[in-house]
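First comes the structure, then the notes that go with it.
Throughout, read-outs are computed from the coordinates displayed, never taken from laboratory work. Quick caveat: nothing in here was measured; it's all calculated off a predicted structure. Please note: Cβ atoms are built from the backbone with ideal geometry, for glycine as well, and neighbour counts cover all protein chains shown.
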């Protein structure tokens, strides 16, 4: 099977899921923040990978890799407001709370993963 950007983003998410399982859970909290941070970073990378592909498709030859989250937000704002909302949620839950601050909240990380999968779906149909 040909490796597509969609399948590659899903591979990142599978790696993130596998890593997160190593964290263990207890009463709605992950037990080992190291694995949560690693999984959150990997899932966030999947999001950026998918967004890069989305922007390549929308911008064509004008595409240049975004240099910051603000750049991603600004460019997506003009294309799809629902995608922008997903990005803001995913950035807050996975990058800031999960990776940067090291939250151990299962609910927070679950929300971030859900948003990641929804973002990745944006590149599914246009193979």
Residues of the range 62-77 being surrounded by 14 or more Cβ atoms within 10 Å (Cβ to Cβ) and assigned to a helix (DSSP H, G or I), in sequence order, are 69, 72, 73, 75, 76
Considering only the range 85-95, I want to know if a residue exists there that is touching a residue at least 40 places away in the same chain (Cβ under 8 Å) and either surrounded by fewer than 14 Cβ atoms within 10 Å (Cβ to Cβ) or closer than 19 Å to residue 6 by Cα (or both).
yes
By residue number, the members of the range 101-114 that are assigned to a helix (DSSP H, G or I) and in contact (Cβ under 8 Å) with a residue 60 or more places away in the chain are 106, 107, 109, 112, 113
TODO: Using the structure shown, decide if residue 80 is out of contact with any strand residue (DSSP E or B) (no Cβ under 7 Å at 6 or more places or on another chain), surrounded by fewer than 13 Cβ atoms within 10 Å (Cβ to Cβ) and over 12 Å from residue 112 (Cα atoms).
DONE: no
Residue pairs qualifying under the 8 Å Cβ cut-off, at least six apart or on distinct chains, with the first in the range 56-69 being without any contact (Cβ under 8 Å) to a residue 24 or more places away in the chain and on the phi < 0 side of the Ramachandran plot and the second being surrounded by 10 or more Cβ atoms within 10 Å (Cβ to Cβ) and in a loop (DSSP other than H, G, I, E, B), are 56/63; 58/79
Only unsatisfied item for residue 96, checking (1) out of contact with any helix residue (DSSP H, G or I) (no Cβ under 6 Å at 6 or more places or on another chain); (2) part of a helix (DSSP H, G or I); (3) over 30 Å from residue 24 (Cα atoms), is (3)
